[in-house]
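The values are calculated or read from the model by the stated rules, or taken from the named source; none is laboratory data. Quick caveat, the model's predicted, so the values are computed rather than measured. Cβ atoms come from the backbone with ideal geometry, glycine included; neighbour counts cover every protein chain shown.
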Amino acid sequence: MASSYKKASLRKRKASGSPMQYGKERIPTESDWGNYQADLDQKWAHDQYCGRSNEEMQPYFRNSPLEGASDLEFMPEVPFRYYILGYRDFVMSGHFERLGASDAASCFLNLVTRKLEKQPRYIVPIMPELLSALEHVAHNQAEFQADENIYGNFLKKLERIEALYTESKSRYRQYP
């Protein structure tokens, strides 16, 4: 009974476009997703995430760290900024399914690198919230059981991220 009430309430909030809160962050509304129907990858991400809190997405990230990171890649700006923080929390939690730690850590570093390379406006304003997690991952590659021969050198990836962030931060920091 409570579950059907929760779903009905969620549908109402999604339809109205009113903000939903999770912690200090606002869960992206339907309008934040823009014209997601025009892109199959965005539609998939929308269908998996829209209206859900980062807390609700933790099991999804835990079960599918590769797919979770891929979903984030195709999100519009506002949902991306919200859900990357949930992915960060997942990586830092240490709660991984079998063999998921290395994939999650590598995907996190690679996703941040790609966003800084291709869509810096999406990520630069939230980089201060990601940096300590990125540093932790890079300095603890062995803890994530990420073989350097397979996943590359995490410290070198961090250096690349820091260089890209330095290049971009003065230009994109003013974006909301």
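Going through ARG98, ARG171, ARG160, ARG114 one at a time, which residue ends up being assigned to a helix (DSSP H, G or I), surrounded by fewer than 19 Cβ atoms within 10 Å (Cβ to Cβ), out of contact with any Pro (no Cβ under 6 Å at 6 or more places or on another chain) and at pLDDT below 95?
ARG171
Inside the range 26-44, can you point out the residues that are within 10 Å of MET75 (Cβ to Cβ) and hydroxyl-bearing (Ser, Thr, Tyr)?
Hit for the range 26-44 is TYR36, nothing else.
Of the residues in the range 27-49, how many are of a type in the set (Gly, Ala, Ser) and closer than 18 Å to GLY86 by Cβ?
1
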